[in-house]
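Participant: Structure in structure tokens, see below.
The values are calculated or read from the model by the stated rules, or taken from the named source; none is laboratory data. In this text, all values refer to a predicted model and were calculated from it rather than measured experimentally. Neighbour counts run over all protein chains shown; Cβ positions are idealised from the backbone, glycine included.
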Amino acid sequence: MINENTKKDDVGFFNRLYNQYYQKIYKYILFITGVRFSEDIVQETFCTAWEKLYEIKTHPSPQNWLYKTARNKIMTTMKKKMNICETPIPECELDTYEAVAYEEQFAFDDLKNILTSNEIKMLRQHFIEGYSIKEISIANSMKIGTGTMKFSRMYKKIKNSKC
């Protein structure tokens, strides 16, 4: 059984950790995800920190542990966001949606000889589903700079193909 002093020490350690790193972790998450998810991810990060308090106490760098946990929470959230099923379309509006979908499909079919299937998927996520390059990079476990460069190279491939 845990004695009262141990509980107080744990609560004190967690409070110091929270007060010292909350704003830094929040800004880090806000920079990557934007306002939509930042509060939830910060909360999840510190809930995990509380659950794994003994792991953090023995970790050589609690700050790095928090950032890595926040990054993992961001990745999980972004992957879930990318896999959300679309809502069903009412039948009366189906003709309009089918026409738009056909035109979009036709445009992306032209790229199959130029880009890989993963690159086409990333372009769809950006242009049709409206995700930012930052969000797509995170969801695909890439650094943001890598994602930006990948998009730049895709654009060059398309431009050079005279498509």
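Participant: Answer yes if at least one residue in segment 57-67 is touching a His at 6+ places or on another chain (Cβ under 6 Å), at pLDDT 85 or above and either surrounded by 12 or more Cβ atoms within 10 Å (Cβ to Cβ) or in the same structural domain as Y155 (by TED's automatic domain parsing) (or both), and no otherwise.
Facilitator: yes
Participant: Here's a follow-up. Condition test on K8, is it outside the structural domain of I144 (by TED's automatic domain parsing), surrounded by 12 or more Cβ atoms within 10 Å (Cβ to Cβ) and either over 15 Å from the mean Cα position of the chain (by Cα) or modelled with pLDDT under 85 (or both)?
Facilitator: no
For every residue, the table says whether it meets (1) surrounded by 15 or more Cβ atoms within 10 Å (Cβ to Cβ); (2) at pLDDT 80 or above.
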residue	(1), (2)
K73	yes, yes
M78	yes, no
M82	yes, no
P90	no, no
E98	no, no
D110	no, no
Y131	yes, yes
E135	yes, yes
K143	no, yes
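Participant: Determine, yes or no, whether Y54 is at pLDDT 60 or above and closer than 26 Å to M142 by Cα.
Facilitator: The answer is no for Y54.
Participant: Of all the residues that make up segment 26-66, how many are under 15 Å from the mean Cα position of the chain (by Cα), of a type outside the set (K, R) and assigned to a helix (DSSP H, G or I)?
Facilitator: Count: 16.
Participant: Taking segment 115-163, which residues are among the basic types (K, R), in a loop (DSSP other than H, G, I, E, B) and within 21 Å of K79 (Cβ to Cβ)?
Facilitator: K143
Participant: Now for a separate question. More than 19 Å from S141 (Cβ to Cβ), among the hydroxyl-bearing types (S, T, Y), assigned to a helix (DSSP H, G or I) and at pLDDT below 85: does that describe Y21?
Facilitator: Here the answer is no, as Y21 does not meet what is asked.
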